[in-house]
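Derivation of every value follows stated rules applied to the coordinates shown; laboratory data play no part. None of the values given here were measured: they were computed from a predicted structure. Please note: Cβ atoms are built from the backbone with ideal geometry, for glycine as well, and neighbour counts cover all protein chains shown.
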Amino acid sequence: MTNRLKLGLDSSFMMEFDPDYTLKYPIQAEKVGFDYLWMGDHYLPWHASFQQSFFVWELLAVIASKTRKLIVGPDVTVPIGARYHPAIIAQAAGTMERMFPGRFVLGVGSGEAINESWFMGRWPKWSERMERTLEGVALIRQLWERDDYFSYKGKYFALGTTKLYVKGARPPPIYLSAIGPRASYLAGKHADRLISSGNAEDMRTTVFPNFEKGAREVGKDPSRIDRAVLMNMATGPEDKVVDRMHRLIAGASISAMVNEGDPRNVEKAGRRLPKKAVRENVIIFNKPDEVIDAMEVFRKLGATQVIVSEMSVEPEKAMAVYSKVAAYYKGK
């Protein structure tokens, strides 16, 4: 694994500037110098005001087809048997890997009510959702790895005689989304890689140590495992950036909102947050050095990839700055 910090772009909210779905910014990410392109996998948006709640798998395929090296993936899809049965995720990921060898990664997580509860008739507690996620991951791996027909019966999923016909030569790596201590530990045990979000103290005291513990318990070397950290970043006038985040995503920072199924209610909760709290949840920059300084904090803690969740009101300016950041890291 290279020691160079890898750069990812989550371009989900940039789609507000691309209502015709030309995918201008995700495709531009490769020219800018990003290594990874991520997009959220939502049925409903976090806030009702975000009008671009797209079906991400189609967009990822188009982005991969219009780039040469960019690695693409959802951050994250949810194999708990609500919107998707794990077998459907295995089939979709297998198809992407066959079409774009080595250029697809699968991010998975336990999900949010706004996306999954409508398809379940109820919203399970986190412990059940995580059990479902891990069983789903195990089933996905079997479908990728087994060449003959087989049957599967677990606690939450069952398949009769089955086989996955379309898959790549090698299975895509699985990133597990983890923020708290238990999820981080389970990611270390069960996933190939980690994807997380939070501040530096969270990574230093909770996420990375528990991830490393889980990895070591199953004989993996944590120092050789990719750890991606998602960071909200934006350029533009501070008041306009904060207003945009208030309108589109502030409610996602309230932990209780993972259990709220109506994005209108999530938006209302987010709008009640003071602007100071919203401001603390984003790095606003004007120069490349400001971005690099923020990324270096996480690199020094052990992150191997920083994913920029792009929230700018001036996306063209942001991409110009990111190109200089990418040149800095590629030159190291």
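Numbers below:
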quantity: Kirkwood Rh (inverse of mean 1/r, distinct Cα pairs), segment 6-331, angstrom; calculated: 20.1
quantity: Ranked packing of 106-112, 229-235, most packed first, by mean Cβ within 10 Å; calculated: 106-112, 229-235
quantity: Efficiency of FRET from Cβ geometry, residue 141 and residue 280, R₀ 30 Å, rounded to 0.05; calculated: 0.20
quantity: Choice from 71, 195, 292 with maximal GNM fluctuation in the chain (Cα, 10 Å cutoff); calculated: 292
quantity: Charge sum, other residues only, whose C-beta stays under 10 Å from residue 14's C-beta, Lys/Arg counted +1 and Asp/Glu -1; calculated: -3
quantity: Residue 218 paired with residue 169, simple spin-label distance in nm, labels 7 Å along Cα-to-beta-carbon; calculated: 2.6
quantity: Charge context of residue 147, other residues only, Cβ under 13 angstrom, K/R +1, D/E -1; calculated: +1
quantity: Solution diffusion estimate, µm²/s, Stokes-Einstein, segment 189-332, Kirkwood Rh from C-alpha pairs, 20 °C, viscosity 1.002 mPa s; calculated: 128
quantity: Max mean-square fluctuation residue, GNM over the chain, Cα-Cα springs under 10 Å, options 57, 46, 118; calculated: 118
quantity: Per-selection metrics, segment 164-251 (Cα): Rg and Dmax in Å; calculated: 16.8, 52
quantity: Of 66/163; 6/69; 300/324; 6/31, those spanning more than 22 Å from alpha-carbon to alpha-carbon; calculated: 66/163
quantity: Relative contact order, percent, segment 78-209 [alpha-carbon distance under 8 Å, six or more residues apart]; calculated: 27
quantity: Inter-label distance, nm, simple model (7 Å from Cα along the C-beta direction), residue 199/residue 128; calculated: 3.4
quantity: Virtual paramagnetic centre 7 Å along Cα→Cβ of residue 259, amide N under 19 Å, in segment 108-129; calculated: 110-129
quantity: Gaussian network model of the chain, Cα within-10 Å springs - most flexible of 98, 227, 193; calculated: 98
quantity: Net charge of neighbours whose Cβ lies under 10 Å from the Cβ of residue 229, counting Lys and Arg as +1 and Asp and Glu as -1; calculated: +1
quantity: P(r) of segment 83-154 over all Cα-Cα pairs, binned every 10 Å from zero, in whole percent; calculated: 17, 46, 29, 7
quantity: Efficiency of FRET from Cβ geometry, residue 327 and residue 272, R₀ 35 Å, rounded to 0.05; calculated: 0.30
quantity: Residue-span extension gain [residue 300 to residue 55] - 0.36 nm each, minus C-alpha spacing; calculated: 84.7 nm
quantity: Inter-probe distance in nm under a simple model that places probes 7 Å from Cα toward Cβ, at residue 148 and residue 88; calculated: 3.0
